[in-house]
Every structure is written in C-alpha cells, then in structure tokens.
Amino acid sequence: MPASPAFPDSQRIDLPGADLWFAPTWLARGEADALLSALLVDPGWEVHRIRMFGRTVDSPRLSRWIGDPGAVYTYSRTRFDPHPWPDALAGLRLRLREALGVDFNSVLANRYRDGRDRMGWHSDDEPELGPRPVIASISLGATRRFALKPRGEGRRVALDLPHGSLLVMAGATQSSYRHALPATARPVGERVNLTFRRILQVSASR
Ligand SMILES: O=C(O)CCC(=O)C(=O)O
C-alpha cells in the first residue's frame, strides 16, 4: 500500500488526521448498474444480530459477510464466518487490488432497503484489521449521505456517496474518526454498499 492511496480520478478529502480519497464515478454507469442488479437478486442477504446497549438486536439493514476461507470477522461482539465470493464481485476485487495495491480478502456487503435502513456511529477498528486498515467502500444504487466525526474535537463532514463511487479510508482514519450512514426522511430507493477489507489473522479452522 503506497503511503497515500491515490488512484485514478480520485480526490483527497481534506480532513485533519484522516486519509480519505474519493472517486465519484469510479465505476462506469453500465458496470455499476450490472453489479447492483446482480447483488439485488442474490438471495444471500441476512439480518445480522448485533449487540447494542447490552442487548442483542436486529441490525437495521441487510448484510452479508463475504471472504476467503478463514477470514473471520467479529464486530458488535458477534462472530461472522465468511460466505464464498459471488462471481459478481470477483472482478471488482481484482480491480481494487490493482488500483490500491491492497490484497483485500473480504467484503462486508450492506443493503439499505429504504431511508429507514441505516448504520450507526462506529469505527472499523477491530483488531483483525490491524492498526491502519485500508477500507475501500463502493456504493451502488440510491445516493446516501455518509458522515464522519472525530473521536475528539474537530469538525464533522458529510459526503454524498453516489452510484458507482469509491471512497477509500486509510491511515489513521479509523483510529481518529467514527463514521455513520444516517437514516433519511427523504424518499430514497435501495442502496448497496460494499466495504472491502483485509483481515490480517486468517484463521486456519474452516
Ligand atoms: O454504507 C456505508 O456507506 C457505510 C458502511 C460502513 O460504515 C461499514 O461497512 O463499516
């Protein structure tokens, strides 16, 4: 991974202590349309059960944890064993590896069915991702607003993530900031988000 994850057509988001890169049209329209259609017909979406405020609840979206064998991920105190890669994501994974120089071995797919589906404030700072993870986030479908706020003092930012966009979070972004995908009262269509990650401790038990 280069010191700075510059990739074609990307712009740096100027946020102190973060390393954020954004390409609003990273996927061509036709590619993004085809990928979204393939993922929406995929029957493998699940409701992940997560721990919140001491209770186990349904997460307010559909999800699927996908990865190489052994790429186990634990978040919100729940363990997720990877589902195999669907054909639709194989090419995208290679393309991200070429663009960013990171051998992503997993992806968290999230499906927001309408404006009520959301993701609360969190950092992707689980130990299995290492201290300075590179996370490549591809958005498909309805444009939704992505928000970041510093863990300490500092300004918040919000970014609209359109169909086919790529947002890369690297460096100290996860240790310095939290991020969220808030609900919206605006009528919005479905959205799928794919966050490609690299699990460093791939477990031998399959
Ligand atoms: O849907 C999004 O853009 C955010 C997803 C996210 O925060 C995550 O996967 O950690």
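The values are calculated or read from the model by the stated rules, or taken from the named source; none is laboratory data. Treat the numbers as computed from the prediction; the structure is a model and nothing was measured. Cβ coordinates were reconstructed from backbone atoms using ideal geometry, including for glycine residues, and neighbour counts include every protein chain displayed. Please note that ligands, DNA and RNA were not included when accessible areas were found on the heavy atoms of the full protein model with its side chains. Shrake-Rupley method; radii C 1.70, N 1.55, O 1.52, S 1.80 Å.
Write out the trypsin sites (Lys or Arg not before Pro) in the range 70-107 meeting two conditions: DSSP loop, and at most 10 other Cβ atoms within 10 Å of their Cβ. Before the final figure, lay out the partial values.
On the way: sites: Arg77, Arg79, Arg93, Arg95, Arg97; in loops: Arg77.
Here the sparse-neighbourhood loop sites are Arg77.
Can you compute log10 of I(q)/I(0) for the chain with the Debye formula, treating each Cα as one identical point scatterer, at q = 0.09, 0.12, 0.18 Å⁻¹?
Debye intensities relative to I(0), on a log10 scale: -0.31, -0.58, -1.51.
Filter the GluC sites (Glu not before Pro) in the range 102-206 down to the DSSP loop ones having no more than 14 other Cβ atoms within 10 Å, then list what survives.
On the way: sites: Glu128, Glu153, Glu190; in loops: Glu153, Glu190.
Answer in residue order: Glu153.
Using a probe of 1.4 angstrom, how much of the accessible area of the chain is carbon and sulfur, in percent? Each step should come with its number before you reach the end.
Values: 5200 of 9900 Å².
That fraction is 53 percent.
Can you give me the C-alpha center-to-center distance between the range 52-123 and the range 175-206, rounded to a whole angstrom?
Value for the Cα centre distance between the two parts: 6 Å.
DSSP loop (so not H, G, I, E, B), at most 10 other Cβ within 10 Å: list which chymotrypsin sites (Phe, Trp or Tyr not before Pro) in the range 1-66 pass both filters. Let's see the in-between values first.
Working: sites: Trp21, Phe22, Trp26, Trp45, Phe53, Trp65; in loops: Trp26, Trp45, Phe53.
Of the chymotrypsin sites (Phe, Trp or Tyr not before Pro), the ones in loops of the range 1-66 whose Cβ has at most 10 other Cβ atoms within 10 Å are Phe53.
Can you list, bin by bin at 10 Å, the percent of alpha carbon pairs in the range 165-206, starting at 0?
In whole percents, the pair-distance histogram is 15, 39, 29, 14, 3.
Explain nothing, just the number: relative contact order of the range 16-197, from Cα pairs under 8 Å at least 6 residues apart, as a whole percent. Write down the numbers at each step before the final one.
Details: 388 pairs, mean separation 55.4, N = 182.
RCO, the range 16-197: 30 percent.
Starting from one equal scatterer on each C-alpha and no solvent at all, send me the Debye-based log10 I(q)/I(0) for the range 99-168 at q = 0.23, 0.25, 0.28 Å⁻¹, two decimals.
-1.36, -1.45, -1.48
Per residue, what accessible area does the range 16-197 have, given a 1.4 Å probe and all protein chains present, in Å²?
Numbers: 8080 Å² over 182 residues.
For the range 16-197, the solvent-accessible area averages 44 Å² per residue.
For Ala172 and Ala6 in the same chain, what is the full-extension length gain: residue separation times 0.36 nm, less their Cα-Cα distance, in nm? Present the calculation step by step, with values, prior to reporting the outcome.
Working: separation 166, 0.36 × 166 = 59.76 nm, distance 1.57 nm.
Length gained, Ala172 through Ala6: 58.2 nm.
Around Arg155, with a cut-off of 15 angstrom between Cβ atoms, what is the net charge of the other residues, counting Lys and Arg +1 and Asp and Glu -1?
On the way: positive: Lys149, Arg151, Arg156, Arg178; negative: Asp14, Glu153.
Surrounding charge for Arg155 is +2.
As a test of the formula, what do you get for the chain when each DSSP H run with n ≥ 4 contributes -39,500 (n - 2.57) and the sum is divided by the residue count, at 222 nm and rounded to the nearest 500 deg cm²/dmol? Walk me through the numbers on the way to the answer.
Numbers: 3 runs with 31 residues, N = 206.
About -4500 deg cm²/dmol.
As an exercise, use a Förster radius of 35 Å and the Cβ-Cβ distance of Leu200 and Arg29 to find the FRET efficiency, rounded to the nearest 0.05.
Working: r = 35 Å, r/R0 = 1.00.
Approximately 0.50, to the nearest 0.05.
Taking a spot 7 Å from the Cα of Arg51 along the direction of its beta carbon, which residues of the range 76-93 have an amide N less than 16 Å from it?
76-80
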